[in-house]
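Any read-out appearing in this document is the output of simple, stated calculations on the displayed coordinates, not a laboratory observation. Not measured: the values here are computed from a predicted model. Positions of Cβ are backbone-derived with ideal geometry, glycine not excepted, and every protein chain shown enters the neighbour counts.
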Amino acid sequence: MRAFVIGNIALDETYSISALPEAGASIFGEQASRSLGGKGCNQAIVLSRCGVETTLVAAVGMDDRAIAIGRALTRERLTPNLIPVDSPTSDISIILTTPDGENSIITTRAAAAALDENAALDALGDAASGDLLVLQGNLSEETTLAILNAARSKGLNTAFNPSPLQPWFASVLPLIDIAVLNRIEAEALTGENGAEAGAFLLRAGVGLVIVTLGGQGCVLVSNDGATEVPAAPAAIVDTTGAGDCFTGVALASAMLRGVAVDVRALEDASRAAAITVGRRGTQDAFPSHEELMAILRT
Ligand code: ATP
């Protein structure tokens, strides 16, 4: 069984500055790091580090960043399918951080939004019944709907992380087998929180729902009822990326055991996310292949 993550990829460029600039100001800063990012890329990397055969399908623009992205991906265990699209730039996140921990983030999404349905459907070409499709909220509505319909007709399981929030998400819910969303997304989509949000999404046609609640853990909601799973103890350094790590491990744990997402999968995901929140960065903070294999084995 394979996982196909069709989503976004970006270069995260982090700059250290002494304070966030006023409008019109020119300030000095230092480039602190340059690394891969994007929710699709993050989740694909975690799935692949768990030992799931993973293809990442993502759009890149016509620039040097696309080359840097391709080169950086060779360090990971996944199969990249980078699709050049009609965008002058690949997607990028510029992260400004100050010594007192404040940050401001500017993210572009022209490349991800330009991934058209034909290219995305081609990328699903050799997916087969029982494979897993993983989507987030970065693609256009048309492309997202086309991929989900194609996946359903091929017998794939569909997982959806509705982030960043888009106004059209209600239209795709009946095509989703597994939804993983945080508290803010749950409230925006359903007007409810926790188990009630899960119940709302089940009524909308989703097969199984996981609502993550930060340090309070998560709740699994299915037709069998709602089960709360506590977060694993963690020494918090930086919570960025906790959700993507959690999503990738929950899906991988269930897939590798050939079961639906269950409490064991969420316990594995919580332990992995606890490692992530104890380190600085996003992909740099994700557990390694060895750490994830140790979590999944025990
Ligand atoms: P992010 O946007 O920061 O990547 P998110 O908002 O998508 O994350 P959260 O609900 O904050 O997702 O966290 C996902 C999971 O990560 C939680 O269910 C929990 O297992 C773990 N986690 C997050 N924050 C903490 C914390 N403070 N202590 C322990 N575990 C945490």
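Before moving on, here are some points about what is shown:
- From the options Ala274, Ala252, residue that is more than 29 Å from Pro167 (Cα to Cα) and either surrounded by 24 or more Cβ atoms within 10 Å (Cβ to Cβ) or within 8 Å of the ligand (Cβ to nearest atom) (or both): Ala274
- Test for Arg34: is it among the charged types (D, E, K, R) and more than 18 Å from Thr107 (Cα to Cα): no
- Residue that is surrounded by the most Cβ atoms within 10 Å (Cβ to Cβ) [pool: residues in segment 73-93 that are more than 18 Å from the chain's Cα centre (by Cα) and either of a type in the set (Lys, Arg) or outside any loop (DSSP other than H, G, I, E, B) (or both)]: Ile83
- Consider segment 142-174 and keep the residues that are over 20 Å from the mean Cα position of the chain (by Cα) and closer than 17 Å to Gly130 by Cβ. The one that is surrounded by the fewest Cβ atoms within 10 Å (Cβ to Cβ) is Ser153.
- Every condition in (1) within 25 Å of Ala114 (Cβ to Cβ); (2) touching a strand residue (DSSP E or B) at 6+ places or on another chain (Cβ under 9 Å) holds for Ala146 except the one numbered (2).
- Some residue of segment 96-113 being under 21 Å from Val221 (Cβ atoms) and touching a residue at least 40 places away in the same chain (Cβ under 8 Å): no
- Taking (1) in a strand (DSSP E or B); (2) closer than 26 Å to Gly38 by Cα in turn, Leu173 satisfies each apart from (1).
- Residue within segment 115-133 that is of a type in the set (Asp, Glu) and surrounded by 20 or more Cβ atoms within 10 Å (Cβ to Cβ) present: yes
- Members of segment 119-167 found to be of a type in the set (Val, Ile, Thr) and either part of a helix (DSSP H, G or I) or without any contact (Cβ under 8 Å) to a residue 24 or more places away in the chain (or both), listed by number: Thr143, Thr144, Ile147
- Selection status of Ile210, under 17 Å from the mean Cα position of the chain (by Cα) and either in a strand (DSSP E or B) or exposed (fewer than 15 other Cβ atoms within 10 Å of the Cβ) (or both): yes
- Residue among Asp177, Asp224 that alone is among the acidic types (Asp, Glu), crowded, with 16+ Cβ neighbours inside 10 Å and either farther than 14 Å from Asn161 by Cβ or away from the ligand (no atom under 14 Å from the Cβ) (or both): Asp177
- Number of the exception - Thr239 against (1) assigned to a loop (DSSP other than H, G, I, E, B); (2) within 9 Å of the ligand (Cβ to nearest atom); (3) under 16 Å from the mean Cα position of the chain (by Cα); (4) surrounded by 16 or more Cβ atoms within 10 Å (Cβ to Cβ): (4)
- Among the residues making up segment 176-204, a single one is touching a Leu at 6+ places or on another chain (Cβ under 7 Å), under 22 Å from Ala127 (Cβ atoms) and assigned to a loop (DSSP other than H, G, I, E, B): Asp177.
- For Gly194, the criteria (1) within 13 Å of the ligand (Cβ to nearest atom); (2) within 25 Å of Gly38 (Cα to Cα) hold in every case but one, which is (2).
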